[in-house]
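Peer 1: Pasting a structure below so you can have a look.
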Amino acid sequence: MIFFAPSILVREERISLRLSTTARYSLRALSDLCSRPDNQPVSVSDIASRQNIPVTYLEQLFVKLRRGGILDSIRGAQGGYMLSRPAGEITIAEILQALGEPVIFGSCQTEKGCENAVTCPTFNLWRKVKGSVDEILRKTTLADIADEKLSLMTSSPDPEREEARRKAVKTEGE
């Protein structure tokens, strides 16, 4: 389950929303798969190596994606995984559904609900945010993600991406 727990950073005036590791790794791996020519089968270990994802974890994710109709698998020495249909026909919402990763904002949006929902002033806010995010996930395809990856390789550096990388490197060095 992807549970967005908004955290407000007052100093930077930003709201932080995080995807689960399952979702992030899966989207990276699938975008890698899209970049392979002619939708030929690719081994999990090759993708895991390129994307710096633990092989055993990626194998578990790919089993879910195969069962969810996102991937096909071929056994044997030349086997591996490939997309079950063109990347432009696979939405991010479908991928998250296949992984069992629903997008939820706030506990009031879960099946469990919230006893304060009737009087909570933020209930409609989270419902609107969830609706907007759901719409984006339904409209964005795996091809869009793969196109973004190609665009990044040919474009000049994005200052926000560079800042995120600098922060990550600084955090690792501490």
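What follows is calculated from the coordinates using simple rules that are stated; it is not laboratory data. Computed from a prediction, not measured in an experiment: that's the story for all the values here. Because the Cβ atoms are built from the backbone with ideal geometry, glycine has one as well, and the counts that use them run over all protein chains shown.
Peer 1: Give me the extension gain from Ser84 to Leu19: residue separation times 0.36 nm, minus the current Cα-Cα distance, reported in nm with one decimal.
Peer 2: Taking Ser84 through Leu19 to full extension adds about 21.0 nm, to one decimal.
Peer 1: Could you put Thr122, Thr22 in order, starting from the residue whose Cβ has the fewest other Cβ atoms within 10 Å?
Peer 2: In order of increasing Cβ crowding within 10 Å: Thr122, Thr22.
Peer 1: Can I ask one more? Starting with the fewest neighbours, write out Ser45, Ser26 ranked by other beta-carbon atoms found within 10 Å of each beta-carbon.
Peer 2: Sorted ascending by nearby Cβ count, the order is Ser45, Ser26.
Peer 1: If you don't mind, another one. Can you tell me how much longer the chain between Ser45 and Arg161 gets when fully stretched, taken as 0.36 nm per residue apart minus their C-alpha distance, in nm with one decimal?
Peer 2: Answer, rounded to one decimal: 39.0 nm.
Peer 1: If you stretched the chain out fully between Lys112 and Lys128, how much longer would it get, using 0.36 nm times the residue separation minus the C-alpha to C-alpha distance?
Peer 2: 3.9 nm
Peer 1: Can you work out ³J(HN,Hα) from phi for every residue in region 34-40, in order, using Karplus 6.51 cos²θ - 1.76 cosθ + 1.60 and θ = phi - 60°, giving whole Hz and x for Gly and Pro?
Peer 2: For region 34-40, the Karplus-derived couplings read 5, 7, 7, x, 6, 6, 7 Hz, x marking Gly and Pro.
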